[in-house]
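Every read-out reported here was derived from the displayed coordinates using simple, explicitly stated rules and does not represent laboratory data. Every value quoted in this text rests on a predicted model; they were computed, and no experiment measured them. So basically every Cβ, Gly included, is an ideal-geometry build from the backbone, and we count neighbours across all protein chains shown.
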Amino acid sequence: MSATILDGKATRDAIYADLRERVAALADQGVVPGLGTVLVGDDPGSRAYVKGKHSDCAKVGITSIRRDLPADISEADLLAVIDELNENPECTGYIVQLPLPGHINTGRVLERVAPDKDADGLHPTNLGRLVLGEPAPLPCTPRGIVELLRRFDVPIAGANVTVVGRGVTVGRPLGLLFTRREENATVTLCHTGTTDLAAEVRRADIVVAAAGKAGLITPDMVKPGAAVLDVGITRTEQGLSGDVHPEVREVAGFLAPIPGGVGPMTRAMLLTNVVEAAERAQAALAE
Ligand SMILES: Nc1nc2c(c(=O)[nH]1)N[C@@H](CN(C=O)c1ccc(C(=O)N[C@@H](CCC(=O)O)C(=O)O)cc1)CN2
């Protein structure tokens, strides 16, 4: 039996149809959401992701603002760009594309983003709000994963979830999301110090692989019928590889593959965060 594919592209298209209507409703009230991106250097992957974000904005009717900066920019000059976007009224939300070059302190840069303009949900204040269960923009990949599972009716409440990878953009915030009351799952967060990864994966109803190690999750590690979501991307001369071995498709009940699974949802959740922030600001003005 082959897994049902969690189709991120079709789901993203449905989300964009809804966002287009919400952006039009905001425009009727004189509000135009604007997404800014800050890209440092010329890593081809990061360039492609930023380009994708701007083409998505055009599809939905969001204004886009680009700040493409040289790889050797000083941290002080980068912080000045952040300050400018914080003040720019056309930019209602923005992101700093990660990873940043090694000479820049990523934490210091993300902390400088105004929390109300943090479209990525990665500002410490917004991560703190997530811990506290307060409304906040949610990190895009974790939010996209939960949204994809919901839309395909994969049961989350009561599920045992194993997340492989403890990075700040995926693994850690995803653990927080799955354990909120709304989701009510039980999470095991695995990392390089996990002693028996296969055992942790084998007892999971939902597996999220975000380690960046091609083919790490093999069919023998997966409980038959489990939902498996691939997030780790490794680029080789032969093309893209995910963390999930291709033969997992024969064991899993649901599979979010690379490409076409979680990635398109990451993009869709970014625009959702931007539209929601504009709606919140509009509602506050109307009060
Ligand atoms: N500031 C941020 N930086 C990064 C994030 C993030 O959410 N915020 N996530 C990733 C990169 N990323 C978006 O920025 C991203 C990664 C992958 C995809 C995607 O659609 N992937 C395709 C595969 C094609 C490919 O990667 O070449 C897919 O899975 O179908 C979208 C966005 C790190 N940085």
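Please report, in whole Å, how far the alpha carbons of region 30-114 spread along each principal axis, starting with the longest.
40, 28, 17
Identify, among PRO33, LEU85, PRO124, the residue whose Cα sits farthest towards the positive end of the charge dipole of the chain, taking +1 on the Cβ of Lys and Arg and -1 on the Cβ of Asp and Glu, with the dipole about the Cα centre.
PRO124
Grab the DSSP H runs of the chain that are 4 residues or longer, score each as -39,500 (n - 2.57), total them, divide by all residues and round the 222 nm result to the nearest 500 deg cm²/dmol. List each step's numbers first, then the result.
Working: 9 runs with 118 residues, N = 287.
That calculation yields -13000 deg cm²/dmol at 222 nm.
So who's got an amide H within less than 5 Å of the one on THR188, skipping anything under 5 residues away but keeping other chains? H placed 1.01 Å off N, in plane.
Here the answer is VAL161, THR162, VAL163, since their amide H atoms fall under 5 Å of that of THR188.
What is the gain in length, in nm to one decimal, between ASP72 and GLN238 on full extension, counting 0.36 nm per residue of separation less the C-alpha to C-alpha distance?
Working: separation 166, 0.36 × 166 = 59.76 nm, distance 3.04 nm.
Contour length minus Cα-Cα distance gives 56.7 nm.
Can you pull the one-decimal nm distance between simple spin-label points at VAL32 and THR179, each 7 Å off the Cα toward Cβ?
4.4 nm
Helix 262-286 sits at what angle to the longest principal axis of the chain, using alpha carbons and giving 0 to 90 degrees rounded to 10?
40 degrees
Using Cα springs under 10 Å in a Gaussian network model of the chain, which residue among GLY215, GLY30, GLY253 shows the largest mean-square fluctuation?
Comparing GLY215, GLY30, GLY253 in a Gaussian network model of the chain, the most mobile one is GLY30.
Quote the Stokes-Einstein diffusion coefficient, in whole µm² s⁻¹, for region 140-263, based on the Kirkwood radius over alpha carbon pairs, a temperature of 20 °C and a viscosity of 1.002 mPa s.
153 µm²/s
Once Rh for region 191-276 is found with the Kirkwood sum over Cα pairs, what is the Stokes-Einstein diffusion coefficient at 10 °C and 1.306 mPa s, in µm²/s?
Result for D is 117 µm²/s.
Quote the charge dipole size of region 147-210 about the Cα centre in Debye, to the nearest 20; the model charges only the Cβ of Lys and Arg (+1) and of Asp and Glu (-1).
On the way: 8 positive and 7 negative charges, 25 e Å.
Roughly 120 debye for region 147-210.
Placing unit charges on C-beta atoms (Lys and Arg positive, Asp and Glu negative, everything else neutral), compute the dipole magnitude of the chain about its Cα centre in debye, rounded to 20.
In total the dipole reaches around 480 debye.
Please compute the contact order of the chain in relative form: average sequence separation of alpha-carbon pairs under 8 Å and at least six residues apart, divided by the residue count, as a percent.
With pairs under 8 Å counted, the relative contact order is 22 percent.
Treating only the Cα positions of the chain as identical point scatterers, give the base-10 log of I(q)/I(0) from the Debye formula at each q in 0.10, 0.12, 0.15 Å⁻¹.
Ignoring solvent entirely, the Cα scatterers give -0.53, -0.77, -1.18.
What order do you get for 204-212, 132-140 when each peptide is scored by the mean count of other beta carbon atoms within 10 Å, highest first?
Ranked by mean Cβ neighbours within 10 Å, highest first: 204-212, 132-140.
Among the listed pairs LYS59/LYS213; LYS59/LYS223; LYS59/LYS117; LYS9/LYS223; LYS9/LYS213, which are separated by more than 29 Å between their Cα atoms?
Among LYS59/LYS213; LYS59/LYS223; LYS59/LYS117; LYS9/LYS223; LYS9/LYS213, the Cα-Cα distance tops 29 Å for LYS59/LYS213; LYS59/LYS223.
Using θ = phi - 60° and the Karplus form 6.51 cos²θ - 1.76 cosθ + 1.60, what ³J(HN,Hα) does each residue of region 141-158 get, whole Hz, x for Gly and Pro?
5, x, 5, x, 5, 5, 5, 5, 4, 4, 5, 9, 6, 7, x, 10, 4, x
Taking the Cα centre of region 30-114 as origin and charging only Cβ (+1 Lys, Arg; -1 Asp, Glu), how large is the dipole, in debye to the nearest 20?
It works out to roughly 360 debye.
Tell me, what is the FRET efficiency for ARG280 and SER2 to the nearest 0.05, using R0 = 30 angstrom and their Cβ-Cβ distance as r? Walk me through the intermediate numbers first.
Details: r = 42 Å, r/R0 = 1.40.
According to the calculation, E is roughly 0.10.
For region 140-263, with the dipole built from +1 on Lys and Arg beta-carbon atoms and -1 on Asp and Glu ones, taken about the Cα centre, which of VAL262, GLY175, ALA159 lies farthest toward the positive end?
GLY175
Who wins for biggest fluctuation among THR106, THR162, THR272 in a Gaussian network model of the chain, springs between alpha carbons below 10 Å?
Ranking THR106, THR162, THR272 by mean-square fluctuation puts THR106 first.
On C-alpha positions alone, give me the angle between the axis of helix 75-87 and the longest principal axis of the chain, in degrees, nearest 10.
Taking Cα atoms only, the helix is inclined about 70 degrees.
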